[in-house]
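The values are calculated or read from the model by the stated rules, or taken from the named source; none is laboratory data. As the structure is a computational prediction, the values presented were derived from the model and not from experiment. Positions of Cβ are backbone-derived with ideal geometry, glycine not excepted, and every protein chain shown enters the neighbour counts.
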Amino acid sequence: MRPLYEWITTISAWLIPFMIVFIPLYAAFKKVPVYETFIEGAKDGFGTAINIIPHLVGMMVAISMFRASGAMDMMASLIRPLFDGLGIPSEVLPLGLLRPLTGAGSLAFTTELIKTYGPDSMIGRIASTIQGSTDTTLYVLTVYFGAVGIRRSKYALKVGLFSDLVGFFAAIVICLLVFE
Amino acid sequence: MVNYIWLFFIAVSFIAAIANGRMEALTEAAFEGAKSGVTVSFGLISVMVFWLGLMRIGEDAGLLRKIAVLLQPAIRFLFPEVPKGHPALGYIMSNMSANILGLGNAATPMGIKAMQELQKLNPDKETASAAMCTLLALNTSSITLVPTTLIAIRMTYSSAHPAEIVGTTLAATLIATAAAILADRWYRTRDKHKPPKWTDTHPSKHWADAKPQAPPGSAAGGQGKGEAVV
């Protein structure tokens, strides 16, 4: 199994530099004016980041209050006995519940964990991996089926939630193995 | 749903603050949280501006189409009932390739266009077809190559290696997607072999559902492919 973890670490180190070099080179080969195109696309980035502010402020206020009031610790100590034997940090468990329900809420929760325990702690790494590896199932279902007037979603919700659950535990196990 | 979750956190915080005698800390935390929200969003600007610029280069170079071509066999396998050359397949491929590159803003409109095309093939306009459920499964588990938002947040809180979660995220997202595809396949075959249930108030709609979803011409081919998978 060891080579597999090394692969995962290698991907982390190489993927982004590879894309930064490969994409412009490929585009130049296709006669795309790379720098002008970059500037054109980059303009959208500002708006994308700014549009998140209201969502993130709203959710960060709620989560930050939740932690400061002591409610988060109470909740964690309630769940702890269930997962302590497995070596899973119980702090990340509420994230598993939150992730399929609200994108901004789980992002705020992840941020709070990163802020409290540090981005390079095991909790910070696991939370980052969970947040990055699945999408907000409920939101995707509402938007996609709502757009075409589907009222009965059959088994779609179950499939989405099942994959969230698998992704959640996969993220924990992979992080525990790779970052041990 | 979001309304309830938000309210839940705020209301429970208030009660817990009373129980723990932390009312002053609560006020501080509310404003501290608002500040963090802005700090994190501003931290996103650098990564988003850079990444969307890079991705525009990729788009203009036809990289999305290139990925779409690579995905073609997988998509034919996942959507056996959609006739070859149907516009839905093109939109599904664009949706998937935009998702892989982390272009959520481009992926959603493509996904909705794909849904609209699949709706044209759907005999019951209010019940999701098998193909629609598959498309949804792919989007809820969404494979993403680079989790840009998380890298930005980790940078904001001064991580020594902001990108060290790229590999673990990719591995977890692949497993989640595999689980989604397997579950989707399982439900598809179950629906195909099981007679329709009569408990619903609209039994006729269930009959429509049990029939092949594709137009008559392509139905045979689609069915055959679906069976071969089991």
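Of the candidates B:Trp51, B:Trp6, the single residue that is outside the structural domain of B:Leu101 (by the TED database) and closer than 26 Å to A:Glu36 by Cα is B:Trp51. Pairs meeting the criteria (first residue in segment A:127-144 and within 14 Å of B:Thr140 (Cβ to Cβ), second residue of a type in the set (D, E, K, R) and assigned to a helix (DSSP H, G or I), beta carbons under 9 Å, at least 6 apart or on different chains) are A:Thr134/A:Asp164; A:Asp135/A:Asp164; A:Thr137/A:Asp164. Only a single item in (1) touching a strand residue (DSSP E or B) at 6+ places or on another chain (Cβ under 8 Å); (2) β-branched (Val, Ile, Thr); (3) more than 9 Å from chain B (Cβ to nearest Cβ) is not met by A:Val92, and it is number (1). Just one of (1) at the interface with chain A (Cβ under 7 Å from one of its Cβ atoms); (2) of a type outside the set (Ser, Thr, Tyr); (3) free of Cβ contacts under 8 Å to residues at least 24 places away in the same chain; (4) in a helix (DSSP H, G or I) fails for B:Ala160. It is (4). For the structure I just gave you, tell me whether B:Ser46 is in contact (Cβ under 8 Å) with a residue 12 or more places away in the chain, assigned to a helix (DSSP H, G or I) and of a type in the set (Gly, Ala, Ser). Here the answer is yes, as B:Ser46 does meet what is asked. Is at least one residue of segment A:58-75 more than 7 Å from chain B (Cβ to nearest Cβ), out of contact with any His (no Cβ under 9 Å at 6 or more places or on another chain) and either polar (S, T, N, Q) or over 30 Å from B:Ala19 (Cβ atoms) (or both)? So far as segment A:58-75 goes, no, none of its residues is more than 7 Å from chain B (Cβ to nearest Cβ), out of contact with any His (no Cβ under 9 Å at 6 or more places or on another chain) and either polar (S, T, N, Q) or over 30 Å from B:Ala19 (Cβ atoms) (or both). The residue that is farthest from the other protein chains (Cβ to nearest Cβ), counting only those in segment A:12-35 that are within 30 Å of A:Ile174 (Cβ to Cβ) and small (Gly, Ala, Ser), is A:Ala13. Note on segment A:147-180: residues that are acidic (Asp, Glu) and buried (at least 16 other Cβ atoms within 10 Å of the Cβ) total 1. Scanning segment A:36-45 for residues that are exposed (fewer than 15 other Cβ atoms within 10 Å of the Cβ) and at the interface with chain B (Cβ under 7 Å from one of its Cβ atoms) yields a single hit, A:Ile39. Among the residues making up segment B:59-111, those that are of a type in the set (D, E, K, R) and either assigned to a helix (DSSP H, G or I) or modelled with pLDDT under 90 (or both) are B:Glu59, B:Asp60, B:Arg65, B:Lys66, B:Arg76, B:Lys84.
Could you please find all residues in segment B:71-99 being in contact with a Ser or Thr (Cβ under 7 Å, 6 or more places away or on another chain) and surrounded by fewer than 22 Cβ atoms within 10 Å (Cβ to Cβ)? Residues satisfying the conditions are B:Leu71, B:Leu78, B:Pro83. It is to be established whether one or more residues within segment A:101-114 are acidic (Asp, Glu), out of contact with any helix residue (DSSP H, G or I) (no Cβ under 6 Å at 6 or more places or on another chain) and either at the interface with chain B (Cβ under 8 Å from one of its Cβ atoms) or under 27 Å from B:Ser36 (Cα atoms) (or both). Scanning segment A:101-114, I find no residue that is acidic (Asp, Glu), out of contact with any helix residue (DSSP H, G or I) (no Cβ under 6 Å at 6 or more places or on another chain) and either at the interface with chain B (Cβ under 8 Å from one of its Cβ atoms) or under 27 Å from B:Ser36 (Cα atoms) (or both), so the answer is no.
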